[in-house]
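A quick write-up on the structure given underneath.
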Amino acid sequence: MDYKVVQTDDVPLTDLSDVDEVPPDLRIRALDEFLETDALNCKLWYFEPGEEIRYHAHAEQEELYYVLEGEFSVKLGRSGEEEYIDAGPGTFWIAKPEIGHGHRNVGDEEGVVLAIGAPAVDDPGLDPHGLDEE
C-alpha cells in the first residue's frame, strides 16, 4: 500500500524506561514504525515536567521538531556557541547534522513534541563537544 492513515491513539505508546538500550526514559509513539516509513523517522515524544532529551548531535540526520503541548527550554548550536530558546505550542526548530540540540520540559504539565528525522538511518546521538576535536 502506498498510503496509510492513523489516529494518534491507535499508535502504541512505548515506555522507553523498559528498554535498556534506549535512553532517555521517556514515552514515545513510533509513528515511523507503525506507518512503515522508508525515508524518515517520526516520533511523538511525551515529557513529564523536568524530563528532557539531553544535548546531542547526529552525524547524518537532520531533525525537525514541533511542540504540540507544553513549555520547553531548547538548547541549540555548535559546541561553545549554544543558545537557549523558549518553545511553546506551535514552535518549530531544526537541527542539521553535527549541530547540537536538546530540550527540557520546563512547564508544570505534560509536554508533547513531534520529531521528524531524515534520512531514516540509525544515527545514534554524538557528543557535540567532541565534534570539534575530529
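The values are calculated or read from the model by the stated rules, or taken from the named source; none is laboratory data. These numbers were taken from a predicted model, which means no experiment stands behind them. For neighbour counting, all protein chains shown are included, and Cβ atoms are generated from backbone atoms with ideal geometry for every residue, glycine included.
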Scan of the range 98-128 for residues that are loosely packed, with under 14 Cβ neighbours inside 10 Å and either over 18 Å from Cys42 (Cβ atoms) or at pLDDT 95 or above (or both), ordered by number: Asp108, Glu109, Asp127
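Can you tell me how many residues within the range 112-128 are part of a strand (DSSP E or B) and small (Gly, Ala, Ser)?
Keep residues of the range 112-128 that are part of a strand (DSSP E or B), which gives 112-118, 126.
Filter once more, keeping what is small (Gly, Ala, Ser): 115, 117-118.
Qualifying residue count for the region: 3.
Residues that are without any contact (Cβ under 8 Å) to a residue 24 or more places away in the chain, surrounded by fewer than 14 Cβ atoms within 10 Å (Cβ to Cβ) and either closer than 20 Å to Pro24 by Cα or more than 15 Å from the chain's Cα centre (by Cα) (or both): does the range 45-63 have at least one? I'd like the intermediate steps shown before the answer.
Our first condition is that a residue be without any contact (Cβ under 8 Å) to a residue 24 or more places away in the chain; within the range 45-63, this holds for none.
No, the conditions are met nowhere in the range 45-63.
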Of residues in the range 76-124 being more than 14 Å from the chain's Cα centre (by Cα) and aliphatic (A, V, I, L, M), the one nearest to Glu33 (Cα to Cα): Val121
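Taking the stated definitions as given, is Thr14 surrounded by fewer than 19 Cβ atoms within 10 Å (Cβ to Cβ) and out of contact with any strand residue (DSSP E or B) (no Cβ under 9 Å at 6 or more places or on another chain)? Please lay out each step first, then the result.
Details: surrounded by fewer than 19 Cβ atoms within 10 Å (Cβ to Cβ): yes; out of contact with any strand residue (DSSP E or B) (no Cβ under 9 Å at 6 or more places or on another chain): no.
Answer is no for this residue.
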Test result for Glu109, in contact (Cβ under 8 Å) with a residue 40 or more places away in the chain, closer than 23 Å to Gly130 by Cβ and part of a loop (DSSP other than H, G, I, E, B): no
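For the range 2-11: of the residues being surrounded by fewer than 17 Cβ atoms within 10 Å (Cβ to Cβ) and farther than 21 Å from Pro119 by Cα, which is farthest from the chain's Cα centre (by Cα)?
Here is the first cut: in the range 2-11, the residues surrounded by fewer than 17 Cβ atoms within 10 Å (Cβ to Cβ) are 2-10.
Okay, now just the ones that are also farther than 21 Å from Pro119 by Cα, so 5-10.
Working: Val5: 22, Val6: 20, Gln7: 20, Thr8: 17, Asp9: 19, Asp10: 20 Å.
If we take residues in the range 2-11 being surrounded by fewer than 17 Cβ atoms within 10 Å (Cβ to Cβ) and farther than 21 Å from Pro119 by Cα, then Val5 is farthest from the chain's Cα centre (by Cα).
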Sole exception among (1) surrounded by fewer than 16 Cβ atoms within 10 Å (Cβ to Cβ); (2) among the hydrophobic types (A, V, I, L, M, F, W, C); (3) farther than 30 Å from Tyr3 by Cα for Phe34, by number: (3)
Sole residue being modelled with pLDDT under 95 and at positive phi, chosen from Glu36, Glu21: Glu36
Qualifying positions in the range 77-89 - surrounded by fewer than 20 Cβ atoms within 10 Å (Cβ to Cβ) and either of a type in the set (Val, Ile, Thr) or assigned to a strand (DSSP E or B) (or both): Gly77, Glu83, Tyr84, Ile85, Asp86
